[in-house]
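As structure tokens, the structure follows; a few thoughts come after it.
The values are calculated or read from the model by the stated rules, or taken from the named source; none is laboratory data. Please read all numbers here as calculations on a predicted model, not as lab measurements. Here the Cβ positions follow ideal geometry from the backbone for every residue, glycine too, while neighbour counts run over all protein chains shown.
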Amino acid sequence: MKDIFEILKDLGITVPEDQHKDLRRSLNENYIVIDEHKNKLEKVNGQLATANETITDLKTQLEDASKVDVKALQDKIKEFEDAEADRVQKENAIYNNSTFHKKGAIVG
């Protein structure tokens, strides 16, 4: 890679030696080297690829989730809730009719 002063000299522009330091500082503050730019670009492209993979995975998961029969799941939940309510009701009936529950009963 050519030095900036060589490039300017090839164009017929001469920068006095005492201004080289100031010109280099100004260039470093305002411009980046092509390799730095390429490295940053590669990093961003890697992040973009990862994001695209994540999006693709999420789309697949969403498509799979949309195939679930929600009504059937709701019916199954209702069935389990009803079965649990019946079990609790029967358990309470047994407890209420037991000698353990009656006041003053002697257990022994």
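Some points to look at:
- Condition check for residue 22: exposed (fewer than 10 other Cβ atoms within 10 Å of the Cβ), out of contact with any helix residue (DSSP H, G or I) (no Cβ under 7 Å at 6 or more places or on another chain) and assigned to a helix (DSSP H, G or I): no
- Condition check for residue 65: modelled with pLDDT of 95 or more and either aliphatic (A, V, I, L, M) or touching a Lys or Arg at 6+ places or on another chain (Cβ under 9 Å) (or both): no
Each row is one residue, and each column tells you yes or no for (1) assigned to a helix (DSSP H, G or I); (2) surrounded by 10 or more Cβ atoms within 10 Å (Cβ to Cβ).
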{"residue": "2", "(1), (2)": "no, no"}
{"residue": "9", "(1), (2)": "yes, yes"}
{"residue": "14", "(1), (2)": "no, no"}
{"residue": "18", "(1), (2)": "yes, no"}
{"residue": "28", "(1), (2)": "yes, yes"}
{"residue": "32", "(1), (2)": "no, yes"}
{"residue": "35", "(1), (2)": "yes, no"}
{"residue": "46", "(1), (2)": "yes, yes"}
{"residue": "50", "(1), (2)": "yes, yes"}
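- Residues of the stretch 52-71 that turn out to be part of a helix (DSSP H, G or I) and over 21 Å from the mean Cα position of the chain (by Cα), as a count: 2
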